Every structure is written in structure tokens, then in C-alpha cells.
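Step one of this worksheet: look at the structure below.
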Amino acid sequence: MTRESIRNIVFYTTILVSQLLIFNHFNLFNVITPSVYLIIFILYKISYNNTSLIFLGFITGLIIDLAMQTYGCHTFATITICYLRERIEKNSFGVNANLPSAMIKGTKMINRLSFFMLIIVIHSLIYYSLVFFNLELIGRIFYYSLINSIVTFIIVWVLSQLISNN
């Protein structure tokens with residue numbers, strides 16, 4: 001096993017355990033539960049296989065669904081994000097999307113912000129649409145998605161800056 005593989009496994013395990021033990025219980029005002037595990041899919045290197053990203057999204061969503069008993073909502077949202085990630089990356093970074101570590105270094109801040117926000121907002125909209133699954137609750141879906149996206153974005157942004165500076 002290479003050093004990078006071990007580092008990725010430790011990172012994945014740490015983020016997943018912190019999501020399950022800390023952030024899933026961070027239920028502020030019965031609305032805010034940040035999805036910090038999205039940093040796994042945001043920082044995933046494009047040089048890796050896209051199929052392994054989708055499989056990683058499935059496993060991550062399944063573990064979180066089993067822990068939170070959310071009936072596949074996280075799994076569907078994470079698989080969708082993993083499938084759309086390449087398109088979101090090309091939309092956010094343009095010609096720099098194919099460069100390794102393009103989203104961390106060497107691009108404009110607005111490109112990185114849009115990439116992070118698109119992944120987080122799309123995930124939140126899909127997740128809360130499945131949780132509430134009622135058109136009469138469209139206002140609540142957007143409210144929960146907006147509030148959780150903002151909190152998740154702040155936490156994920158800070159974590160990604162801490163990770164990239166090391």
C-alpha cells in the first residue's frame with residue numbers, strides 16, 4: 001500500500017467517524033445538521049477513477065443512512081453528487097478542471113467557492129427533497145437546504161483550508 005493510499009483511508013475514516021459521532025448530533029434548532037462528509041467528495045482527486053468515486057459515495061451514504069436511519073436519502077444524494085461532480089468541476093473551473101489540485105491552488109477564489117457551494121447545495125436539495133417528499137413542503141425543503149448548506153459550507157471550507165495548508 002502506498003503512502004497516499006494510507007493517507008486517504010485515514011482521512012476518509014476520520015471524516016466519516018467525526019460525521020457520525022459529532023456532526024450528526026449537532027442538531028441546532030432542530031434544523032441544522034451539517035453534512036461535513038461532503039469534503040470527501042470535494043477533495044477527491046480527479047486523477048482517480050470516476051467509478052471508484054461513485055462506489056465511495058454509495059458506501060459513505062449507506063453507512064450514514066444506517067447510522068441515522070434515513071432510508072437511503074444520504075445514499076441517493078451522495079451518489080448523485082459523485083455522478084455530477086465532474087460536470088460541476090468543469091462548470092466551476094473551466095479549462096483548469098483537468099489540472100491536478102486545480103480547486104485547491106492556482107484558481108480564482110470565486111471558482112473554488114462556486115465548486116464547493118454547488119456540490120453542497122445540490123446535495124442538500126436532493127437530500128431534503130427525499131426527506132420531506134411532499135410538494136406542499138417546498139418552502140421547508142428550501143429553508144432546510146439553505147440553512148444547512150450555509151453551515152456545511154462554512155465548516156467544509158475551513159476544514160479544506162486547514163488540510164490544504166499542511
Evaluate the following for Ile88: is it among the hydrophobic types (A, V, I, L, M, F, W, C), more than 20 Å from Ile163 (Cα to Cα), at pLDDT below 95 and under 13 Å from the mean Cα position of the chain (by Cα)? yes
Restricted to segment 104-129 and to residues being surrounded by fewer than 17 Cβ atoms within 10 Å (Cβ to Cβ) and of a type in the set (Val, Ile, Thr), the residue farthest from Phe11 (Cα to Cα) is Ile110
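Please return the ranges of helices (runs of 4 or more DSSP H) entirely within segment 1-103 where 3 or more residues are buried (at least 19 other Cβ atoms within 10 Å of the Cβ).
Working: elements: 3-21, 38-42, 50-68, 73-93.
Result: 38-42, 50-68, 73-93.
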Could we say that Ile126 is more than 20 Å from Val158 (Cα to Cα) and modelled with pLDDT of 95 or more here? yes
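Taking the condition of being over 13 Å from the mean Cα position of the chain (by Cα), surrounded by fewer than 20 Cβ atoms within 10 Å (Cβ to Cβ) and not in a loop (DSSP other than H, G, I, E, B), how many residues in segment 130-157 meet it?
Step one: filter segment 130-157 for residues over 13 Å from the mean Cα position of the chain (by Cα), giving 130-147.
Applying the additional criterion that residues be surrounded by fewer than 20 Cβ atoms within 10 Å (Cβ to Cβ) yields 130-140, 142-143, 146-147.
Okay, now just the ones that are also not in a loop (DSSP other than H, G, I, E, B), so 130-132, 135-140, 142-143, 146-147.
The qualifying residues number 13.
The values are calculated or read from the model by the stated rules, or taken from the named source; none is laboratory data. Keep in mind that what you see is a predicted model, and the values were worked out from it rather than measured. When we count neighbours, we look across all protein chains shown, and the Cβ atoms used for this are built from the backbone with ideal geometry, even at glycine.
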